[in-house]
Amino acid sequence: MTALPGDAERETKACGCKVGRLIERYGLTDLNDELRRRWTGTGTERRSLRELERNVNIRVLDSAIAASESPMTGENVEAMYRFLTDDGISSGRRIEVERRLARAGVNVETTLNDFVSHQTIHSHLRGCLGASCGGELSDSERLEKAGKTVFSMQNRTKIIASETIQRLTDADTVSLPDFEVFVEIQVTCEECGRYMTAATLLEQQGCRCQGKAERASGGLAERPPESTETVD
Ligand SMILES: [Zn+2]
Ligand SMILES: [Zn+2]
């Protein structure tokens, strides 16, 4: 009969998602605490989901190397991770790293499959750990705050550009009798190639190619009852 599991132990056994399975397989017992702290933290402790993705995968790689038959020593695991995952790295270098890992007894295919995406980490944080980012802010508060940041930056850019051009026209370096500057932050979705303004992005809560954006712009939008128009 074993003792009752402690808090940390219970926590690692509580979820069966990919991150949970990695914690068990690689013995990353402190990972949940670290993820929670890094994601909800403030100031310099705070990490983005992409950074967390990188951190988790480097720990996975590091653990896989440490657990291998003849662990390599003195290797730069961060550099190895970059060689394995960065699209900008030539396939020759990637294969070289894979061979080195295989020689040390690391199951490269399993390890690569164990790498997690930032989306997986996000759903683990929210779904399994019940963590929420940004303190007590709700989604709409966070959107409002982001909107203010983007639009004040937009306005500032507009003012600075206008003043700069005005100085040039005053000095007759530029001939422009009257002018107006437009600044609109544009965002492109790398997945579908759509361009949208930052305002549209925030309003739709994402790109239209993603499920959430469709729900936000379609299902939840209030339309006047007499309207029979179909949207899109
Ligand atoms: Zn989980
Ligand atoms: Zn898209």
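The values are calculated or read from the model by the stated rules, or taken from the named source; none is laboratory data. Owing to the predicted nature of the structure, the values given are computational and were not obtained by experimental measurement. Ideal geometry is used to build each Cβ from the backbone, glycine not excepted, and the neighbour counts take in all protein chains shown. To get the accessible areas, we keep the full protein, side chains included, count just its heavy atoms, and leave off ligands, DNA and RNA. Shrake-Rupley method; radii C 1.70, N 1.55, O 1.52, S 1.80 Å.
Okay, here's what the table says:
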{"quantity": "Residue within the stretch 140-157 that is among the polar types (S, T, N, Q), in a loop (DSSP other than H, G, I, E, B) and either under 23 Å from the mean Cα position of the chain (by Cα) or assigned by TED's automatic domain parsing to the domain that holds ARG46 (or both) present", "calculated": "no"}
{"quantity": "Output for the stretch 165-187, where each listed residue is open to solvent by less than 100 Å² (accessible area, probe 1.4 Å) and aromatic (Phe, Trp, Tyr)", "calculated": "PHE179"}
{"quantity": "Flag for VAL174 being away from ligand 1 (no atom under 16 Å from the Cβ) and under 27 Å from TRP39 (Cα atoms)", "calculated": "no"}
{"quantity": "Some residue of the stretch 153-160 being more than 27 Å from ARG47 (Cα to Cα) and of a type in the set (A, V, I, L, M, F, W, C)", "calculated": "yes"}
{"quantity": "Filtered residues of the stretch 47-57 (kept if among the aliphatic types (A, V, I, L, M) and open to solvent by less than 20 Å² (accessible area, probe 1.4 Å))", "calculated": "LEU52, VAL56"}
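Every residue, every condition in (1) in contact with an Asp or Glu (Cβ under 7 Å, 6 or more places away or on another chain); (2) open to solvent by less than 70 Å² (accessible area, probe 1.4 Å), yes or no:
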site: ALA67; (1), (2): no, no
site: ARG82; (1), (2): no, no
site: THR85; (1), (2): no, yes
site: SER91; (1), (2): no, yes
site: ARG94; (1), (2): no, no
site: VAL116; (1), (2): yes, yes
site: GLU141; (1), (2): no, no
site: GLU144; (1), (2): no, no
site: PHE151; (1), (2): no, no
